[in-house]
Amino acid sequence: MAKPTDKAELGINTTLTHAGNDPRDFHGFVNPPVVHASTVLFPDAKTMASNKQKYTYGTHGTPTTDALAAAINALEGSAGTMIVPSGLAAVTIPLLAFLKPGDHLLVVDSIYFPTRRFCNTMLSDLGVETTYYDPAVGAGIEALMKPNTKVVFTESPGSNTYEIQDIPAISEIAHKHGAVVMMDNTWATPLYFKALDFGVDITINAATKYTSGHSDVLLGLVSATAEHWKTLLTAQTNLGVCANSDDCYLVLRGLRTMGVRLSHHQHAALGLAKDLQGKAGVAKVLHPALPDFPGHDLWKRDFKGSSGLFSIVLDGGDKDHWVAKAHAFLDALQIFGLGYSWGGFESLAVLVSLKDRTIIPPPSEGPVIRLQIGLEDREDLMDDIERGLAAANAVS
Ligand SMILES: *Cc1c(COP(=O)(O)O)cnc(C)c1O
């Protein structure tokens, strides 16, 4: 029988279950071994000199890291996947790989804040100029392209406010001008948006979030088309940034259940988002799968699903009360934890700052609370949010 992953037409959960390692490579054990490695031995001097042995040193990969990379390539349809120690490293290393002094970079304004920080500090110091663009730009990005624009960096939906970008339109213009398109696809994951099929050249996934799924590991994945894979791999080799087998094992373990987890996250989050529309104290719900959300048509055209992260805008009233209302909401929560990151099994809430935005104004109605909907029962989460809203509404 052929390995199930050899067939392209398999369903996503079958791929998630079987991609990566072949149990027959390791005596039939279902999971790959966790190989701890720096040194790899060679049988003789000739083999050592030949550079032909599959594994040569721990920084270049192990059977465990390879199993994860192969599984991700099967999901993304990519030629290669680079594994790095965090989601942020999965953003910064491709930028370093494809940019040099004198280059120009376009970055969406609704970007994950640490990506902006990297562009405005280290890339700026290296002589790379960044221009931020409106997430609704679409083909209008052509007006922003300069002769030295080498990379267009997208993130869709945008961080915390979920603006949807027209990725095919942006990619087409970028390619016409010889620029590489990168996308931070952490929110949708390759399950709900297969970025390389939409013109993206390099797709980034903070595996810390849904892929690992258990809030206990940090990891970043960068997957590239054949045309761009070598540049990425060369940069990783030059920088010496690699991930360890223990973390890769945990992420591969998380990957097996990612489909069923995401399905739960999706239904619970969308159900809550719908129920929260029009509730006393909620000015707006920011979720791209809601029909009246501004980017909804694009989301519907391109995405196969929505994940478990969305935001609510509280009825802020007088601006002087925004922080007090937001804090009252957060402090009244009993099930949602107050903490950063998302994609784990447990629900989280955070007051987000949108002060870094330079093009798109933050919502004017009130403070923005980001909710990560975990695997708890939805009714319990709704009760918790109602507790938060009651506390916020009591602040005047
Ligand atoms: C969390 C996150 C990252 C970074 O991941 P870490 O593993 O926490 O460094 C990158 N991009 C987006 C959109 C994220 O939400």
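The values are calculated or read from the model by the stated rules, or taken from the named source; none is laboratory data. Please read all numbers here as calculations on a predicted model, not as lab measurements. Note that each Cβ is placed from the backbone with ideal geometry, even for glycine, and that neighbours are counted across all protein chains shown.
Only residues in segment 186-206 that are more than 14 Å from Ala74 (Cα to Cα) count as the first member; pair them with residues that are among the hydrophobic types (A, V, I, L, M, F, W, C) and within 14 Å of the ligand (Cβ to nearest atom), Cβ under 6 angstrom, at least 6 apart or cross-chain, and list the lot.
Listed pairs, sorted by first residue: Thr186/Ala206; Val200/Met183; Ile202/Met182; Ile204/Ala90; Ile204/Val91; Ile204/Val222; Asn205/Leu221.
Output the residues belonging to segment 152-179 that are among the aliphatic types (A, V, I, L, M) and outside any loop (DSSP other than H, G, I, E, B). Don't jump to the end; show me each part of the working.
We begin by selecting, within segment 152-179, every residue among the aliphatic types (A, V, I, L, M); these are 152, 164, 167, 169-170, 173-174, 179.
Selection gives Val152, Ile167, Ala169, Ile170, Ile173, Ala174.
When you go through Ala283, Ala235 one by one, which is the residue that is surrounded by fewer than 22 Cβ atoms within 10 Å (Cβ to Cβ) and in a helix (DSSP H, G or I)?
On the way: Ala283 fails: in a helix (DSSP H, G or I).
From the options Ala283, Ala235, the qualifying one is Ala235.
Out of Ser223, Ser263, which single residue is assigned to a helix (DSSP H, G or I), of a type outside the set (Phe, Trp, Tyr) and out of contact with any His (no Cβ under 6 Å at 6 or more places or on another chain)? Break it down into steps so the answer makes sense when it comes.
On the way: Ser223 fails: assigned to a helix (DSSP H, G or I).
Checking each option against the conditions leaves just Ser263.
Among Ser124, Ser110, Ser86, which is the only one that is of a type in the set (Gly, Ala, Ser) and away from the ligand (no atom under 11 Å from the Cβ)?
Values: Ser110 fails: away from the ligand (no atom under 11 Å from the Cβ); Ser86 fails: away from the ligand (no atom under 11 Å from the Cβ).
Residue meeting the stated conditions: Ser124.
So for segment 44-55 (the condition being outside any loop (DSSP other than H, G, I, E, B), without any contact (Cβ under 8 Å) to a residue 40 or more places away in the chain and in contact with a strand residue (DSSP E or B) (Cβ under 9 Å, 6 or more places away or on another chain)), does at least one residue qualify? Steps first, please.
From segment 44-55, those outside any loop (DSSP other than H, G, I, E, B) are 45-50; that's our starting set.
Next cut, without any contact (Cβ under 8 Å) to a residue 40 or more places away in the chain only: 45-50.
So of that shortlist, the ones also in contact with a strand residue (DSSP E or B) (Cβ under 9 Å, 6 or more places away or on another chain) come out as none.
Within segment 44-55 (the criterion being outside any loop (DSSP other than H, G, I, E, B), without any contact (Cβ under 8 Å) to a residue 40 or more places away in the chain and in contact with a strand residue (DSSP E or B) (Cβ under 9 Å, 6 or more places away or on another chain)), the answer is no, since none of the residues qualifies.
Under 8 Å by Cβ, and 6 or more places apart or on different chains, what pairs join a residue from segment 2-27 that is modelled with pLDDT of 80 or more with one that is among the aromatic types (Phe, Trp, Tyr)?
Pairs that qualify, where the first residue is modelled with pLDDT of 80 or more and the partner is among the aromatic types (Phe, Trp, Tyr), are Pro23/Phe29.
Looking only at segment 148-171, filter to residues that are in contact with a His (Cβ under 8 Å, 6 or more places away or on another chain) and not aliphatic (A, V, I, L, M); which one of those is nearest to the ligand (Cβ to nearest atom)?
So the first thing to find is which residues in segment 148-171 are in contact with a His (Cβ under 8 Å, 6 or more places away or on another chain), and the list is 148-150, 162, 164.
Subset that is not aliphatic (A, V, I, L, M): 148-150, 162.
Values: Asn148: 26, Thr149: 22, Lys150: 21, Tyr162: 11 Å.
My answer is Tyr162.
Would you please list the contacts, defined by Cβ atoms under 6 Å and residues six or more apart or on different chains, that run from a residue in segment 209-225 that is touching a residue at least 60 places away in the same chain (Cβ under 8 Å) to a residue that is within 11 Å of the ligand (Cβ to nearest atom) and part of a strand (DSSP E or B)?
Gly220/Val84; Gly220/Ala206; Leu221/Asn205; Val222/Ile204
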